[in-house]
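**Student:** Below is a structure I'd like to ask you about.
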Amino acid sequence: MTSIEFCSQLIGLENSLLKYAYRLNLKRADAKDLVQETYLRVLINREKYVDNKKFKSWALTIMKNTFVDSYRRGLRKKTYSEQATGSLLIHFPEPVGYDNPDSALFATEISQNIDNLNDKLRDPFKMYVEGYKYAEIADELNLKIGTVKNRIFLSRKQLMTQLNG
């Protein structure tokens, strides 16, 4: 395949790439960014394309991998709380280095409030914060997944009340 054919096929995939990006539940601007990033990666990896492969499938696979990489990078950025939705997320950075005494005090207060939770709420919540999946928590505590999700939700709600009140 010549460079001109390659580029014309790539440009012809714009609508398919955008549709796929929207299916990944991205906002319009994020979807367009993903399409551009996919174009870049397809062009960089042009020499890896084998003519007998389906070009569209190859490009969509690159888009999916780009999206997954971006998603995983986003997960590495840890969050203390999300005020907009009222959700409390307890994710501390791996090396817990506090910039000021208030941060350390707040983290200590959160830990104490978690320890003061009812056993039924505390155990699933602590496991969830430690990184266990819902199914793993359910198996370990011999509970149904719905019960685990409910107890984690109730733990968050109770912690929000205690910390804000």
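**Student:** Can you return the lysines within cross-link range of Lys32? Criterion is Cα-Cα under 28 Å, with same-chain partners fewer than 8 residues away left out.
**Tutor:** Partners found: Lys19, Lys48, Lys53, Lys54, Lys56, Lys64, Lys77, Lys78.
**Student:** Oh, and also: Just to confirm my numbers, what's the Cα centroid distance between the range 121-159 and the range 17-75 in Å?
**Tutor:** Their Cα centres are 35 Å away from one another.
Since every read-out is calculated from the coordinates, none of them should be taken as a lab result. If you're wondering where the values come from, they're calculated on a predicted model, not measured in any experiment.
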